[in-house]
Structures are given as structure tokens and as C-alpha cells.
Amino acid sequence: MNIHEYQAKQLFRHNEIPVPKGQLASSPLEAEFVYRRLKSPVAVVKAQIHAGGRGKAGGVKLVRSPEECFQAAKGMLGTTLVTHQTGPEGKKVHQVYIEAGSEIAKEYYLALLLDRETANIAVMFSTSGGMDIEEVADKTPEKIITVQIDPTLGLKDHLLRSLAFRAQLPEVETQQLMVWVEKLYRMFLKYDFSMLEINPLIVTKKNEMFALDGKMAFDDNALYRHPDIESMRDLKEEDEREIEASKLGLSYIGLDGNIGCMVNGAGLAMATMDIIQYAGGHPANFLDVGGGATEEMVRHAFRIILQDTKVKAIFVNIFGGIMKCDIIANGIVGASKDLKLHVPLVVRLEGTNVNEGKKILRESGLNILTADDMGDGARKVVEAAKK
Ligand code: GDP
Ligand code: MN
């Protein structure tokens, strides 16, 4: 789960990470009042969406009067902001955050993230922070310095010293950065983050550090331990199909390809994605209907898959263990008829009552391609999606 910048800044404040003064607004008039209350000649109006790259897309504006603040907020609220992180469809701006302007002397980059390869928490730092960290990573990767925190040993001073040394930070900044990373590391563990990014982390002309931006991602599996964090969820920022699926008890994750997948069991679902790629195709989604899914669930699953206009063919790959093949077959036939299925459907069934299941599919009168095994099914569906 991700949260907005203004929420990340609330958490920073609670955990004594310095952030500029600021407040949220949902209308231009409210924005103007916030500006007046801030009593800072220069303020920054920032579009609140779950994506970075706002600066370059017109989602961050400096303002110097109540009128300018009103106009900047008016220009952002209700519009769809397209940044290099939103995808071409962009994200609608429902709220803006107005904060006191800062006198920036330097812009740094700091992130903590779960490094799955090393099973550590990695700290990444760069003195080339600001708006173009992707470009820095691409063109001058040596400017991004990484140290690994082994969670069984904890955070050791020498790691941070070496980080600051490699970044050639002056001593006064080294001291501050060490304190920051210690606090952020504690936050990381306390809230079960998967990623925490500050870009830019600024140093002012008075040598003070502030977090000017904040991006936080939380481990969904640990959310039950943090009701306060979960309450920050903004469903408007999430994929509608994913939300609907999770309400129905289905695990659905939208992907970029054009082959809709309906599978039971997460392991089989993963294997199905792999075998589709192996056959030269691209899955449109990950969908696990669960081990004990009912006919009703199969219908819901179909409906969710078909809401995705990218889908050119569907691959149903089900092992009937707890769930019997004839029940699944009935679900497939019923759903295909109800939803007036308009894309090719490839079905691979195996397990309990498989022959009854296949018979139901054959006798349905629907144009269903059956497959003998996963490989066969993947090849057939990739072929069908091309047509
Ligand atoms: P992002 O582009 O979505 O990552 O949005 P950021 O919050 O990082 O803002 C983009 C850029 O706007 C920053 O890198 C800063 O250069 C600039 N910016 C943000 N706040 C201020 C501020 O208070 N004063 C000044 N001068 N620039 C700011
Ligand atoms: Mn940023």
C-alpha cells in the first residue's frame, strides 16, 4: 500500500524528521486560506497523487501571493496529471498540499528499501537528488551510494560513516544524516515499510535538513498490525478491479499484457504467467480464484477479467482438487453465456471429475478450446490472442 506525500509528512513529523510547515486543501479557496495562515512569502502548491515526477509535469508550483496560490490550486484540482510514473492515463488530482517554501542550498536523495536479493534493508543515498534520480541511476550510477543493513546485526555507525565518506559530505551534514537514517530505520521497522524515499532531502542555506518530499510503501501483509496506517489508504488511487476482486476474496493484480488468466492457487498462477511468457505471450493479470472457489466466484472472476479492455484471449488453468472440475466447467459455461464472451477462451482442466468437466465444456455449444496440459494451453492462448 502507498500513501500520499502529505500523509508521509505527517508520519515524518510524528517521528521527528523535520518537514516544512504545510496543510492539505481540496478547493482553491481553502488553498488560499492555507497560504495566508502559513505566513511564508513563498509557498509551494503540490498535487497529491500516488506518483512522482510531479515537478516536471506541472504538479509542483511556487506561489508568492494568496491569489497566485488560489490560481495554482485551481489549475491542479480536478485535472488529470500525467507524469513519467503515472502511465499515459495519468492520475486525477483531488487534493493539493500547500507548504512553506524552503531556501534550498542542496538537494539530496535518500531511500531505505527492502532488498530482496540480499535480504537486507538497503540505504541509498546520492548528493545528486532532486527531480532526475532516474537519470542519475541511468547515466551516472556511481553517484548513488548504497549500504546494506543486515537486520540481524542492526544499523551500525560505521556503515553510515562509510556512506557519508563516499558521498564526500561535510562533517556537519554527516552528523545530521546519521541521526536521520537512524530515525528512518526505526520507522522502517516500526511501520513495516517496504520502501521509504525522500527526494529531495534538502540542506538549507542555514545548514538544516528537511524532507521536501516523501514516498512510503508498506508491506500489505503487515497492514493488520497498523490500523492507523491502513486508515490512510486512498482507494481512489488504486486499480478498481483490484479493489473489487479483494472484496470478493479473489487475488487479482493487473498487468500490462493481453492474455487474461484465471487460475486456482498462487503457485499455479505464477507458473501460468511463466508458461505464457515462455510461449511468447504476455499475461494481462494475475488472478487466483482460491482453492475452494465456487461457481459464483468463477463468474465474478470472469467479469473482472473482461472489464480489462486489453484482454484479447482468456486462459483458464484450473486444477480440481478441493474444487471439482465439473463445478468449474459449469461456472465457465454460465459466465461465458451471461457475459456474452467475445474473446477466445482456452481451458485446461485437470483433477477430480475432469471427464465430466470436459464433457460439460464440449456440450455447451460455446467456442471453447480445450488443452491437454499447461504447455498446450499456453501455446493455444498465445496463438488465439494474436488473431
Ligand atoms: P516530484 O517531482 O513528484 O518528486 O515532487 P517533489 O516534491 O520532489 O518536488 C519537485 C521539485 O520541486 C523539488 O525537487 C524541488 O526542486 C522543488 N520544490 C519543492 N518544494 C520546494 C520549495 O519549498 N522551494 C523550492 N525552491 N523548490 C521546491
Ligand atoms: Mn520528489
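Divide, for region 239-386, the radius of gyration over alpha carbons by 2.2 N^0.38 Å, where N is the residue count.
0.91
Would you grab the residues whose amide H sits under 5 Å from the one on residue 194? Only those 5+ places off in sequence or on another chain, please, with H modelled 1.01 Å from N.
Correct list: 217, 218, 219.
If I take the Cα coordinates of region 21-101 and project them onto the principal axes, what are the three extents in Å, biggest first?
37, 20, 17
As a test of the formula, what do you get for the chain when each DSSP H run with n ≥ 4 contributes -39,500 (n - 2.57) and the sum is divided by the residue count, at 222 nm and rounded to the nearest 500 deg cm²/dmol?
-11500 deg cm²/dmol
Roughly what would the spin-label model give for residue 233 and residue 278, points 7 Å off Cα along C-beta, in nm?
Spacing of the two 7 Å Cα→Cβ label points: 3.5 nm.
In a shell of Cβ-Cβ distance under 12 Å around residue 350, excluding residue 350 itself, what net charge do Lys and Arg (+1) and Asp and Glu (-1) give?
Residues close to residue 350 contribute a combined charge of 0.
Hey, for a label at residue 103 modelled as a point 7 Å past Cα toward Cβ, could you say which residues of region 212-234 have their backbone N under 19 Å away?
Only 212 pass the distance filter.
Mind giving me the FRET efficiency for residue 132 and residue 362? R0 is 56 Å, r the Cβ-Cβ distance, nearest 0.05 is fine.
The pair residue 132/residue 362 has a calculated efficiency of 0.45.
Past the 14 angstrom mark, what percentage of all C-alpha to C-alpha distances in region 172-246 do you count?
71 percent
Can you give the FRET efficiency for residue 295 and residue 244, using 1/(1 + (r/R0)^6), R0 = 22 Å, r = Cβ-Cβ distance, to the nearest 0.05?
That gives a FRET efficiency of 0.75.
Please give, to one decimal in nm, the separation of the simple spin-label points placed at residue 372 and residue 27, each 7 Å out from Cα toward the Cβ.
In this crude label model, residue 372 to residue 27 measures out at 6.9 nm.
How long is the chain along each principal axis, judged by its Cα atoms, biggest number first, in Å?
Reported extents, whole Å, longest axis first: 78, 51, 39.
When the label point is put 7 Å from the Cα of residue 224 along its Cα-to-beta-carbon vector, which residues of region 236-265 have a backbone N closer than 18 Å?
Only 246-252 fall inside the zone, counting backbone N under 18 Å.
What is the spin-label model distance, in nm, from residue 355 to residue 16 if the labels are put 7 Å beyond Cα along the C-beta direction?
7.3 nm
Packing-wise, with mean Cβ within 10 Å as the measure, how do 299-310, 228-239 rank, highest first?
299-310, 228-239
Would you compute, for the Cα atoms of region 1-58, the largest minus smallest coordinate along each principal axis and list the three values in descending order, in whole Å?
Per principal axis, max minus min of the Cα coordinates gives 32, 29, 19 Å.
All of the numbers you see were taken from the coordinates with simple rules; none came from a lab. Just so it is clear, the structure is predicted and the values come from calculations on it, not from any experiment. Every residue, glycine as well, gets a Cβ built from its backbone with ideal geometry; the counts of neighbours run over all protein chains shown.
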